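Inspection log for the structure reproduced underneath, given as structure tokens.
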Amino acid sequence: MAVRASDSATWVAEGQEKRAAVQRMFAAIAPTYDVCNSLMSLRGHHRWRRAAVDALQLKPGDTVADICCGTGDFFMPLRQAIGPQGKLIGLDFCLPMLERSSTKDEQAGRALGDAGRLPLRSESVNAVTVGWGIRNVPDVDAAHAEIFRVLKRGGRFVSVDMAVPKSALVRAVSNLLTRRGLPILGAIFRQREAYTYLPESTQRFKTREELRTSMEAAGFRDVKIRDFFFGNIAMHLGVKP
Ligand SMILES: C[S@@+](CC[C@H](N)C(=O)[O-])C[C@H]1O[C@@H](n2cnc3c(N)ncnc32)[C@H](O)[C@@H]1O
């Protein structure tokens, strides 16, 4: 499926237009998502996921929801933390991505749904993960509020996503690499717009502090931020009091 070239590119679209454009884009790149992810992060994403899961301080038997779960790359470290008796639910609004997650954890429940309106009961999960997902949702504040709603008291939320490096030097090098390298990947995988979306949406995304403010407005406390990959990736951790 080709990504539609529209008047508003995916990275400038807002609201329902962004929702539909993002959904189409991930449906188009689903078959090559895992291989590209590993290439672009130099396989570092596995380490960052593990650090995020460690920060959740999960116990065997806990219930965790992985929102915007995509192909399910958070499932393995989560399952290791919650054990076979734990409950894992993956949610995504893009069926071709969600379908691919079935190979990552056969036990996990899967739901086709929107991050802005979670099909989960209030105070029903011990933790929520979002990996490279929050940047794509049209209303980040609404998604944070939904995540807060479904968490039990004392529950933890971790989000890992792209960020703009704080150092000017690293920013310059990263810009050069992403603006030169990603279009090459886009050409190889015939998804030019999708691989332009990553740097463009990162530039337009909320800053670390804006994300902290949004989480705090939803009710999260003790919000902590940790950078990875020279500040190209940031992790936000919050607790529901
Ligand atoms: C970059 S992928 C990340 C997948 C996975 N979390 C990971 O860590 O590899 C982003 C995922 O978020 C999903 N997504 C984007 N917006 C969404 C929304 N509003 N509701 C549910 N899923 C959404 C996309 O379909 C896609 O699978």
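Cβ-Cβ distances below 8 Å connect the following pairs, each with a first residue in region 119-147 that is surrounded by fewer than 19 Cβ atoms within 10 Å (Cβ to Cβ), a second residue that is assigned to a loop (DSSP other than H, G, I, E, B), and a separation of six or more residues or different chains: Pro119/Gly113; Asp139/Gly116; Ala142/Gly116; Ala145/Gly219.
Out of all the residues in region 170-184, which are buried (at least 19 other Cβ atoms within 10 Å of the Cβ) and under 22 Å from Asp34 (Cβ atoms)? So that I can check it myself, show each step before the final result.
The initial filter retains those residues of region 170-184 that are buried (at least 19 other Cβ atoms within 10 Å of the Cβ), namely 174, 178, 182.
Within region 170-184, Thr178, Leu182 qualify.
Does region 50-68 contain at least one residue that is modelled with pLDDT of 95 or more, surrounded by 16 or more Cβ atoms within 10 Å (Cβ to Cβ) and closer than 18 Å to Phe189 by Cβ? Checked region 50-68: no residue is modelled with pLDDT of 95 or more, surrounded by 16 or more Cβ atoms within 10 Å (Cβ to Cβ) and closer than 18 Å to Phe189 by Cβ. Scanning region 59-72 for residues that are within 13 Å of the ligand (Cβ to nearest atom), part of a loop (DSSP other than H, G, I, E, B), touching a strand residue (DSSP E or B) at 6+ places or on another chain (Cβ under 7 Å) and not small (Gly, Ala, Ser) returns Cys68, Cys69. Scanning region 116-142 for residues that are under 12 Å from the mean Cα position of the chain (by Cα) and among the small types (Gly, Ala, Ser) turns up Gly131, Gly133. If you check Leu98, Leu39, Leu78 for being of a type outside the set (Gly, Ala, Ser), buried (at least 18 other Cβ atoms within 10 Å of the Cβ) and more than 9 Å from the ligand (Cβ to nearest atom), only one passes: Leu78.
Looking for whichever is farther than 22 Å from Glu106 by Cα and among the charged types (D, E, K, R) here; the options are Arg50, Arg43. Which one fits?
Working: Arg50 fails: farther than 22 Å from Glu106 by Cα.
Only one candidate qualifies: Arg43.
Against the condition β-branched (Val, Ile, Thr), closer than 27 Å to Met25 by Cα and over 18 Å from the mean Cα position of the chain (by Cα), how does Thr178 come out, does it pass? For Thr178, the condition - β-branched (Val, Ile, Thr), closer than 27 Å to Met25 by Cα and over 18 Å from the mean Cα position of the chain (by Cα) - is met.
Is it the case that Asp34 is outside any loop (DSSP other than H, G, I, E, B) and within 25 Å of Gly238 (Cβ to Cβ)?
On the way: outside any loop (DSSP other than H, G, I, E, B): yes; within 25 Å of Gly238 (Cβ to Cβ): no.
In short, no.
The values are calculated or read from the model by the stated rules, or taken from the named source; none is laboratory data. Everything numeric in this text was worked out from a predicted model, so none of it was measured. Neighbour counts are summed over all protein chains in view; Cβ atoms, including those assigned to glycine, are modelled from backbone coordinates with ideal geometry.
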